[in-house]
1. I'm trying to understand the selection: among the residues of the range 108-145, which are assigned to a loop (DSSP other than H, G, I, E, B) and free of Cβ contacts under 8 Å to residues at least 40 places away in the same chain?
2. Of all the residues that make up the range 86-107, how many are surrounded by fewer than 17 Cβ atoms within 10 Å (Cβ to Cβ) and either modelled with pLDDT under 90 or part of a helix (DSSP H, G or I) (or both)?
3. Out of the range 287-303, which residues are surrounded by fewer than 21 Cβ atoms within 10 Å (Cβ to Cβ) and either assigned to a helix (DSSP H, G or I) or free of Cβ contacts under 8 Å to residues at least 60 places away in the same chain (or both)?
4. Would a scan of the range 275-284 turn up a residue that is part of a helix (DSSP H, G or I), without any contact (Cβ under 8 Å) to a residue 24 or more places away in the chain, surrounded by fewer than 19 Cβ atoms within 10 Å (Cβ to Cβ) and of a type outside the set (Gly, Ala, Ser)?
5. What are the residues in the range 210-238 that are in contact with a Pro (Cβ under 7 Å, 6 or more places away or on another chain) and surrounded by fewer than 24 Cβ atoms within 10 Å (Cβ to Cβ), if any?
6. With the condition being closer than 16 Å to Leu348 by Cβ and in contact (Cβ under 8 Å) with a residue 24 or more places away in the chain, I'd like the helices (runs of 4 or more DSSP H) fully within the range 180-271 carrying at least 3 qualifying residues.
7. Just one of Ile115, Ile182 is open to solvent by 50 Å² or more (accessible area, probe 1.4 Å), modelled with pLDDT of 95 or more and of a type in the set (A, V, I, L, M, F, W, C); which is it?
8. What's the number of the condition Ser306 fails, among (1) under 20 Å from Ser363 (Cβ atoms); (2) touching a residue at least 12 places away in the same chain (Cβ under 8 Å); (3) surrounded by fewer than 18 Cβ atoms within 10 Å (Cβ to Cβ)?
Amino acid sequence: MGSGAAKGLTEATVATSEDELRVFVAELPAEARAKLAKAVAAAQKGSTHPTAALWEFKPLGKRVTEVQAQWDFIQPMWQGMVAAGGFSKEVVEQTRAFVAVMDQTSEEFLGQCDIEDASIDGTAYGSENSSMKVLVFTPKTLAGRSRPAQLWFHGGAFVAGNVDAFRKSCAARAVHNQTVVISPEIGVAPELKAPHWFSKVIAAVKWAHAEAERLGIDVKRIAVSGESHGAYTGLGVCMKLAEKDEAQLVKLAVLDIPGFNNDFLMTAPEDEAGEMHKACSKLHMQAMSYLITDDPLTFDWAPHKSDPNIFPAQMDEKLLPKLPPIVLMTREFDHVGKRGSEQFAQRLKPHGKLVGLYIQPGSGHGLGSAETNAKLAEDEALIFKSFLHA
(Lines give C-alpha, C1' and ligand atoms only; values in the text may rest on other atoms or scores of the structure.)
Protein backbone atom coordinates (compact mmCIF):
# COMPACT_ATOMS: atom_id res chain seq x y z
CA MET A 1 0.00 0.00 0.00
CA GLY A 2 2.85 2.40 -0.55
CA SER A 3 6.38 2.93 0.61
CA GLY A 4 6.01 4.75 3.93
CA ALA A 5 4.09 4.44 7.16
CA ALA A 6 2.92 8.04 6.88
CA LYS A 7 1.51 7.42 3.44
CA GLY A 8 -0.15 4.19 4.64
CA LEU A 9 -1.76 5.96 7.61
CA THR A 10 -3.12 8.66 5.33
CA GLU A 11 -4.62 6.04 3.03
CA ALA A 12 -6.17 4.23 6.01
CA THR A 13 -7.98 7.35 7.15
CA VAL A 14 -9.69 7.66 3.77
CA ALA A 15 -10.35 3.96 3.23
CA THR A 16 -13.68 3.55 1.50
CA SER A 17 -14.50 0.11 2.92
CA GLU A 18 -13.74 -2.21 5.80
CA ASP A 19 -12.00 -4.55 3.35
CA GLU A 20 -9.47 -1.85 2.39
CA LEU A 21 -8.76 -1.21 6.07
CA ARG A 22 -8.22 -4.93 6.73
CA VAL A 23 -5.75 -5.10 3.84
CA PHE A 24 -3.87 -2.11 5.18
CA VAL A 25 -3.63 -3.60 8.69
CA ALA A 26 -2.56 -7.00 7.32
CA GLU A 27 0.34 -5.36 5.43
CA LEU A 28 1.68 -3.61 8.52
CA PRO A 29 4.79 -5.08 10.18
CA ALA A 30 4.00 -7.28 13.21
CA GLU A 31 5.28 -4.66 15.65
CA ALA A 32 3.10 -1.97 14.10
CA ARG A 33 0.03 -4.25 14.21
CA ALA A 34 0.64 -4.90 17.91
CA LYS A 35 0.89 -1.16 18.64
CA LEU A 36 -2.29 -0.51 16.67
CA ALA A 37 -4.20 -3.22 18.56
CA LYS A 38 -3.01 -1.79 21.87
CA ALA A 39 -4.09 1.72 20.89
CA VAL A 40 -7.53 0.51 19.79
CA ALA A 41 -8.02 -1.39 23.08
CA ALA A 42 -7.03 1.70 25.08
CA ALA A 43 -9.42 3.89 23.09
CA GLN A 44 -12.28 1.45 23.61
CA LYS A 45 -11.59 1.25 27.34
CA GLY A 46 -11.52 5.02 27.62
CA SER A 47 -14.81 5.39 25.77
CA THR A 48 -16.85 3.10 28.03
CA HIS A 49 -20.30 4.65 28.35
CA PRO A 50 -21.37 5.76 31.85
CA THR A 51 -24.35 3.39 31.72
CA ALA A 52 -22.34 0.31 30.71
CA ALA A 53 -22.45 -1.27 34.18
CA LEU A 54 -26.25 -1.00 34.27
CA TRP A 55 -26.64 -3.73 31.65
CA GLU A 56 -24.59 -6.27 33.66
CA PHE A 57 -27.24 -8.40 35.34
CA LYS A 58 -26.14 -10.36 38.39
CA PRO A 59 -29.14 -12.43 39.53
CA LEU A 60 -29.87 -12.58 43.22
CA GLY A 61 -31.78 -15.83 42.74
CA LYS A 62 -34.49 -14.87 45.20
CA ARG A 63 -36.76 -11.96 46.00
CA VAL A 64 -35.52 -9.55 48.65
CA THR A 65 -37.41 -9.96 51.92
CA GLU A 66 -39.86 -7.07 51.42
CA VAL A 67 -40.63 -8.14 47.85
CA GLN A 68 -41.23 -11.75 48.88
CA ALA A 69 -43.70 -10.55 51.51
CA GLN A 70 -45.53 -8.47 48.89
CA TRP A 71 -45.59 -11.43 46.49
CA ASP A 72 -46.95 -13.74 49.17
CA PHE A 73 -49.71 -11.22 49.85
CA ILE A 74 -50.91 -10.72 46.28
CA GLN A 75 -50.83 -14.33 45.07
CA PRO A 76 -53.88 -15.45 47.12
CA MET A 77 -55.75 -12.38 45.84
CA TRP A 78 -55.07 -13.42 42.25
CA GLN A 79 -56.10 -16.99 42.98
CA GLY A 80 -59.37 -15.69 44.39
CA MET A 81 -59.99 -13.57 41.30
CA VAL A 82 -59.38 -16.54 39.00
CA ALA A 83 -61.67 -18.73 41.10
CA ALA A 84 -64.38 -16.06 40.87
CA GLY A 85 -64.15 -16.01 37.08
CA GLY A 86 -61.30 -13.65 36.34
CA PHE A 87 -60.79 -9.97 35.56
CA SER A 88 -64.45 -8.95 35.66
CA LYS A 89 -65.88 -5.43 35.54
CA GLU A 90 -66.02 -5.57 39.34
CA VAL A 91 -62.27 -6.26 39.43
CA VAL A 92 -61.73 -3.32 37.08
CA GLU A 93 -63.42 -1.00 39.55
CA GLN A 94 -61.43 -2.46 42.44
CA THR A 95 -58.21 -1.97 40.48
CA ARG A 96 -59.11 1.64 39.75
CA ALA A 97 -59.75 2.33 43.42
CA PHE A 98 -56.38 0.83 44.33
CA VAL A 99 -54.36 2.61 41.64
CA ALA A 100 -55.93 5.94 42.60
CA VAL A 101 -54.09 5.84 45.93
CA MET A 102 -51.02 3.73 45.11
CA ASP A 103 -48.56 6.61 44.56
CA GLN A 104 -46.71 6.75 47.87
CA THR A 105 -44.02 9.15 46.66
CA SER A 106 -43.15 11.97 49.06
CA GLU A 107 -45.08 15.21 48.49
CA GLU A 108 -41.86 17.19 48.92
CA PHE A 109 -41.14 16.87 45.19
CA LEU A 110 -44.32 18.77 44.26
CA GLY A 111 -42.86 21.87 45.91
CA GLN A 112 -39.65 21.48 43.92
CA CYS A 113 -41.42 21.80 40.56
CA ASP A 114 -43.40 24.39 38.66
CA ILE A 115 -46.53 22.52 37.58
CA GLU A 116 -48.71 23.45 34.62
CA ASP A 117 -52.16 21.95 34.21
CA ALA A 118 -53.05 22.24 30.52
CA SER A 119 -55.86 21.13 28.24
CA ILE A 120 -55.03 20.66 24.57
CA ASP A 121 -57.01 20.08 21.41
CA GLY A 122 -55.76 16.68 20.32
CA THR A 123 -57.43 16.94 16.91
CA ALA A 124 -54.86 19.57 15.94
CA TYR A 125 -52.19 16.87 16.29
CA GLY A 126 -53.94 13.86 14.77
CA SER A 127 -56.01 12.56 17.69
CA GLU A 128 -59.76 12.03 17.71
CA ASN A 129 -60.07 13.79 21.07
CA SER A 130 -60.73 17.51 21.14
CA SER A 131 -59.87 17.83 24.83
CA MET A 132 -56.86 16.18 26.40
CA LYS A 133 -55.38 16.92 29.82
CA VAL A 134 -51.61 17.35 30.12
CA LEU A 135 -49.56 18.01 33.25
CA VAL A 136 -46.09 19.56 32.91
CA PHE A 137 -43.55 19.34 35.74
CA THR A 138 -40.50 21.60 35.49
CA PRO A 139 -37.84 21.31 38.22
CA LYS A 140 -37.12 24.71 39.72
CA THR A 141 -33.42 23.86 39.64
CA LEU A 142 -33.40 23.15 35.90
CA ALA A 143 -32.06 26.35 34.42
CA GLY A 144 -32.14 27.60 30.85
CA ARG A 145 -34.71 27.66 28.11
CA SER A 146 -33.51 24.61 26.16
CA ARG A 147 -34.11 21.80 28.60
CA PRO A 148 -34.42 18.02 28.13
CA ALA A 149 -37.91 16.57 28.45
CA GLN A 150 -39.63 13.23 28.81
CA LEU A 151 -43.21 12.28 28.11
CA TRP A 152 -44.07 9.83 30.88
CA PHE A 153 -47.01 7.42 30.76
CA HIS A 154 -48.43 5.83 33.91
CA GLY A 155 -49.35 2.19 34.39
CA GLY A 156 -52.41 0.55 35.89
CA ALA A 157 -53.08 -2.87 34.33
CA PHE A 158 -54.46 -1.14 31.18
CA VAL A 159 -57.71 -0.37 33.00
CA ALA A 160 -56.76 2.08 35.75
CA GLY A 161 -54.92 5.29 36.55
CA ASN A 162 -54.92 8.92 35.47
CA VAL A 163 -52.40 11.76 35.46
CA ASP A 164 -53.61 13.22 38.75
CA ALA A 165 -53.05 9.93 40.56
CA PHE A 166 -49.35 10.08 39.68
CA ARG A 167 -48.57 13.76 40.29
CA LYS A 168 -46.07 13.02 43.07
CA SER A 169 -44.13 10.39 41.14
CA CYS A 170 -43.99 12.67 38.07
CA ALA A 171 -42.57 15.49 40.18
CA ALA A 172 -40.00 13.10 41.67
CA ARG A 173 -38.96 11.93 38.19
CA ALA A 174 -38.56 15.50 37.04
CA VAL A 175 -36.32 16.30 40.01
CA HIS A 176 -34.27 13.08 39.95
CA ASN A 177 -33.79 13.03 36.17
CA GLN A 178 -33.51 16.80 35.80
CA THR A 179 -35.94 16.80 32.91
CA VAL A 180 -39.23 18.52 32.18
CA VAL A 181 -41.80 15.75 32.65
CA ILE A 182 -44.90 15.89 30.46
CA SER A 183 -47.70 13.59 31.58
CA PRO A 184 -50.61 13.34 29.09
CA GLU A 185 -54.00 11.85 29.92
CA ILE A 186 -54.27 8.95 27.51
CA GLY A 187 -57.24 7.15 29.00
CA VAL A 188 -57.78 3.53 30.03
CA ALA A 189 -59.54 0.43 28.75
CA PRO A 190 -62.26 -0.63 28.22
CA GLU A 191 -63.40 2.93 27.47
CA LEU A 192 -60.38 3.48 25.19
CA LYS A 193 -59.51 0.77 22.69
CA ALA A 194 -56.49 -0.01 20.56
CA PRO A 195 -55.23 1.43 18.27
CA HIS A 196 -56.88 4.77 19.23
CA TRP A 197 -54.75 4.53 22.37
CA PHE A 198 -51.61 5.27 20.36
CA SER A 199 -53.08 8.13 18.31
CA LYS A 200 -53.64 10.09 21.51
CA VAL A 201 -50.00 9.61 22.49
CA ILE A 202 -48.72 10.82 19.12
CA ALA A 203 -50.80 13.96 19.64
CA ALA A 204 -49.04 14.53 22.97
CA VAL A 205 -45.59 14.13 21.38
CA LYS A 206 -46.42 16.57 18.61
CA TRP A 207 -47.93 19.03 21.09
CA ALA A 208 -44.67 18.97 23.06
CA HIS A 209 -42.76 19.85 19.90
CA ALA A 210 -45.21 22.60 18.97
CA GLU A 211 -45.05 24.10 22.47
CA ALA A 212 -41.32 23.59 22.96
CA GLU A 213 -40.37 27.26 22.96
CA ARG A 214 -43.05 28.17 25.48
CA LEU A 215 -42.19 25.20 27.69
CA GLY A 216 -38.48 25.90 27.41
CA ILE A 217 -37.56 22.44 26.12
CA ASP A 218 -35.11 21.26 23.48
CA VAL A 219 -36.91 19.39 20.69
CA LYS A 220 -33.74 17.40 20.05
CA ARG A 221 -33.82 16.04 23.61
CA ILE A 222 -37.34 14.69 24.05
CA ALA A 223 -37.72 11.13 25.36
CA VAL A 224 -40.75 8.91 25.90
CA SER A 225 -40.95 6.78 29.03
CA GLY A 226 -43.42 4.85 31.11
CA GLU A 227 -43.94 1.91 33.40
CA SER A 228 -46.04 -1.24 32.98
CA HIS A 229 -48.87 -0.40 30.56
CA GLY A 230 -47.26 3.04 30.28
CA ALA A 231 -44.19 1.34 28.79
CA TYR A 232 -46.57 -0.44 26.40
CA THR A 233 -47.84 3.01 25.47
CA GLY A 234 -44.29 4.28 24.96
CA LEU A 235 -43.35 1.50 22.56
CA GLY A 236 -46.66 1.86 20.74
CA VAL A 237 -46.06 5.53 20.00
CA CYS A 238 -42.52 4.75 18.80
CA MET A 239 -43.96 2.14 16.45
CA LYS A 240 -46.58 4.52 15.06
CA LEU A 241 -44.01 7.28 14.59
CA ALA A 242 -41.75 4.81 12.77
CA GLU A 243 -44.63 3.92 10.46
CA LYS A 244 -44.85 7.61 9.53
CA ASP A 245 -41.05 8.03 9.33
CA GLU A 246 -41.32 10.47 12.25
CA ALA A 247 -39.38 8.58 14.91
CA GLN A 248 -36.83 11.42 14.94
CA LEU A 249 -39.35 13.30 17.11
CA VAL A 250 -38.13 11.08 19.97
CA LYS A 251 -34.48 10.93 20.99
CA LEU A 252 -34.80 8.01 23.41
CA ALA A 253 -37.39 5.57 24.77
CA VAL A 254 -37.04 4.29 28.35
CA LEU A 255 -39.55 1.49 28.88
CA ASP A 256 -39.88 0.16 32.43
CA ILE A 257 -41.49 -3.20 33.38
CA PRO A 258 -43.33 -3.23 30.04
CA GLY A 259 -46.35 -5.36 29.20
CA PHE A 260 -46.02 -5.10 25.41
CA ASN A 261 -45.40 -8.63 24.14
CA ASN A 262 -47.50 -11.68 23.36
CA ASP A 263 -45.40 -14.22 25.27
CA PHE A 264 -48.28 -15.15 27.59
CA LEU A 265 -50.29 -16.37 24.60
CA MET A 266 -47.63 -18.90 23.59
CA THR A 267 -48.29 -21.18 26.57
CA ALA A 268 -51.49 -22.07 28.43
CA PRO A 269 -51.50 -20.66 31.98
CA GLU A 270 -51.48 -24.12 33.56
CA ASP A 271 -48.46 -25.12 31.41
CA GLU A 272 -46.27 -22.17 32.36
CA ALA A 273 -42.97 -23.40 33.77
CA GLY A 274 -42.30 -20.41 36.00
CA GLU A 275 -44.36 -19.92 39.14
CA MET A 276 -44.60 -16.17 38.63
CA HIS A 277 -45.91 -16.56 35.07
CA LYS A 278 -48.32 -19.31 36.05
CA ALA A 279 -49.68 -17.11 38.84
CA CYS A 280 -50.59 -14.11 36.70
CA SER A 281 -50.97 -15.34 33.11
CA LYS A 282 -54.75 -15.59 32.90
CA LEU A 283 -55.47 -12.33 34.73
CA HIS A 284 -52.84 -10.40 32.77
CA MET A 285 -54.27 -11.43 29.41
CA GLN A 286 -57.85 -10.80 30.54
CA ALA A 287 -56.91 -7.28 31.64
CA MET A 288 -55.13 -6.65 28.36
CA SER A 289 -58.10 -7.92 26.34
CA TYR A 290 -60.10 -4.89 27.48
CA LEU A 291 -58.13 -3.07 24.76
CA ILE A 292 -60.28 -4.98 22.28
CA THR A 293 -63.39 -6.29 24.01
CA ASP A 294 -65.81 -5.51 26.83
CA ASP A 295 -66.13 -9.21 27.70
CA PRO A 296 -62.65 -10.56 28.58
CA LEU A 297 -63.97 -13.68 30.30
CA THR A 298 -65.06 -15.25 26.99
CA PHE A 299 -62.64 -13.46 24.66
CA ASP A 300 -60.70 -15.49 22.08
CA TRP A 301 -57.15 -14.21 21.56
CA ALA A 302 -56.40 -16.45 18.55
CA PRO A 303 -57.12 -13.87 15.79
CA HIS A 304 -55.19 -11.15 17.61
CA LYS A 305 -52.13 -12.83 19.11
CA SER A 306 -49.65 -11.33 16.63
CA ASP A 307 -51.38 -8.00 16.04
CA PRO A 308 -48.84 -5.17 16.59
CA ASN A 309 -51.67 -2.76 17.32
CA ILE A 310 -52.25 -4.87 20.44
CA PHE A 311 -48.70 -6.11 20.99
CA PRO A 312 -46.30 -3.43 19.71
CA ALA A 313 -43.30 -5.71 20.39
CA GLN A 314 -44.64 -7.77 17.47
CA MET A 315 -44.21 -4.89 15.01
CA ASP A 316 -42.99 -5.60 11.48
CA GLU A 317 -39.24 -6.23 11.23
CA LYS A 318 -38.86 -3.37 8.74
CA LEU A 319 -39.92 -0.87 11.42
CA LEU A 320 -37.23 -1.87 13.93
CA PRO A 321 -34.38 0.07 12.24
CA LYS A 322 -36.61 3.17 12.23
CA LEU A 323 -37.20 3.20 15.98
CA PRO A 324 -35.45 5.62 18.32
CA PRO A 325 -32.80 4.12 20.64
CA ILE A 326 -34.51 2.05 23.34
CA VAL A 327 -33.69 1.22 26.96
CA LEU A 328 -35.63 -1.75 28.34
CA MET A 329 -35.92 -1.93 32.13
CA THR A 330 -37.29 -4.90 34.02
CA ARG A 331 -36.74 -6.86 37.25
CA GLU A 332 -35.46 -10.31 38.07
CA PHE A 333 -38.98 -11.25 39.23
CA ASP A 334 -41.05 -9.07 36.91
CA HIS A 335 -43.95 -11.45 36.30
CA VAL A 336 -45.34 -9.29 33.47
CA GLY A 337 -42.42 -7.79 31.58
CA LYS A 338 -39.13 -9.68 32.04
CA ARG A 339 -39.64 -12.47 29.53
CA GLY A 340 -41.22 -10.21 26.92
CA SER A 341 -38.46 -7.61 27.37
CA GLU A 342 -35.75 -10.23 26.86
CA GLN A 343 -37.46 -11.43 23.70
CA PHE A 344 -37.86 -7.93 22.30
CA ALA A 345 -34.27 -7.07 23.17
CA GLN A 346 -33.16 -9.87 20.85
CA ARG A 347 -35.21 -8.35 18.03
CA LEU A 348 -33.72 -4.89 18.59
CA LYS A 349 -30.06 -5.92 18.81
CA PRO A 350 -29.39 -6.68 15.12
CA HIS A 351 -30.72 -3.24 14.21
CA GLY A 352 -28.58 -1.34 16.71
CA LYS A 353 -31.62 0.04 18.53
CA LEU A 354 -31.11 -1.56 21.93
CA VAL A 355 -29.23 0.83 24.20
CA GLY A 356 -29.37 -1.74 26.97
CA LEU A 357 -31.49 -4.24 28.90
CA TYR A 358 -31.60 -3.35 32.59
CA ILE A 359 -32.67 -6.11 35.01
CA GLN A 360 -32.75 -5.21 38.69
CA PRO A 361 -31.96 -8.19 40.95
CA GLY A 362 -34.36 -9.29 43.69
CA SER A 363 -37.32 -7.05 42.86
CA GLY A 364 -40.55 -7.53 40.91
CA HIS A 365 -43.21 -5.86 38.80
CA GLY A 366 -44.18 -2.87 40.92
CA LEU A 367 -42.76 -4.72 43.92
CA GLY A 368 -39.72 -3.29 45.64
CA SER A 369 -38.12 -2.34 48.92
CA ALA A 370 -36.97 1.12 50.01
CA GLU A 371 -33.46 0.12 48.98
CA THR A 372 -34.34 -1.30 45.54
CA ASN A 373 -36.63 1.65 44.78
CA ALA A 374 -33.89 4.14 45.67
CA LYS A 375 -31.39 2.26 43.51
CA LEU A 376 -33.87 2.19 40.64
CA ALA A 377 -34.36 5.97 40.81
CA GLU A 378 -30.58 6.45 40.87
CA ASP A 379 -30.03 4.19 37.86
CA GLU A 380 -32.86 5.76 35.87
CA ALA A 381 -31.42 9.21 36.56
CA LEU A 382 -28.05 8.04 35.21
CA ILE A 383 -29.72 6.88 32.00
CA PHE A 384 -31.42 10.22 31.42
CA LYS A 385 -28.32 12.17 32.39
CA SER A 386 -26.19 10.15 29.96
CA PHE A 387 -28.50 10.46 26.96
CA LEU A 388 -30.41 13.73 27.42
CA HIS A 389 -27.86 15.90 29.20
CA ALA A 390 -24.80 14.95 27.16
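The values are calculated or read from the model by the stated rules, or taken from the named source; none is laboratory data. Since we're looking at a predicted model, the values are computed, not measured. No Cβ is skipped: glycine too gets one built from the backbone with ideal geometry, and neighbour counts run over all protein chains shown. Each accessible area value is taken on the protein alone, full model and side chains, heavy atoms only, with ligands, DNA and RNA left out. Shrake-Rupley method; radii C 1.70, N 1.55, O 1.52, S 1.80 Å.
1. Here is the first cut: in the range 108-145, the ones assigned to a loop (DSSP other than H, G, I, E, B) are 121, 126-131, 140-145.
Within the range 108-145, Asp121, Ser130, Ser131, Lys140, Thr141, Leu142, Ala143 qualify.
2. 7
3. To start, the set of residues in the range 287-303 that are surrounded by fewer than 21 Cβ atoms within 10 Å (Cβ to Cβ) comprises 292-295, 297-303.
Correct list: Asp295, Thr298, Phe299, Asp300, Trp301, Ala302, Pro303.
4. From the range 275-284, those part of a helix (DSSP H, G or I) are 275-284; that's our starting set.
Now narrow it down to the ones that are without any contact (Cβ under 8 Å) to a residue 24 or more places away in the chain: 275, 278, 281.
After this cut, where a residue has to be surrounded by fewer than 19 Cβ atoms within 10 Å (Cβ to Cβ) as well, the list is 275, 278.
With of a type outside the set (Gly, Ala, Ser) added as a condition, the list becomes 275, 278.
Yes.
5. Residues satisfying the conditions are Asp218, Arg221.
6. Values: elements: 196-210, 212-215, 229-243.
Qualifying helices (runs of 4 or more DSSP H): 229-243.
7. On the way: Ile182 fails: open to solvent by 50 Å² or more (accessible area, probe 1.4 Å).
So the residue among Ile115, Ile182 that is open to solvent by 50 Å² or more (accessible area, probe 1.4 Å), modelled with pLDDT of 95 or more and of a type in the set (A, V, I, L, M, F, W, C) is Ile115.
8. If we test Ser306 against (1) under 20 Å from Ser363 (Cβ atoms); (2) touching a residue at least 12 places away in the same chain (Cβ under 8 Å); (3) surrounded by fewer than 18 Cβ atoms within 10 Å (Cβ to Cβ), just (1) comes out false.
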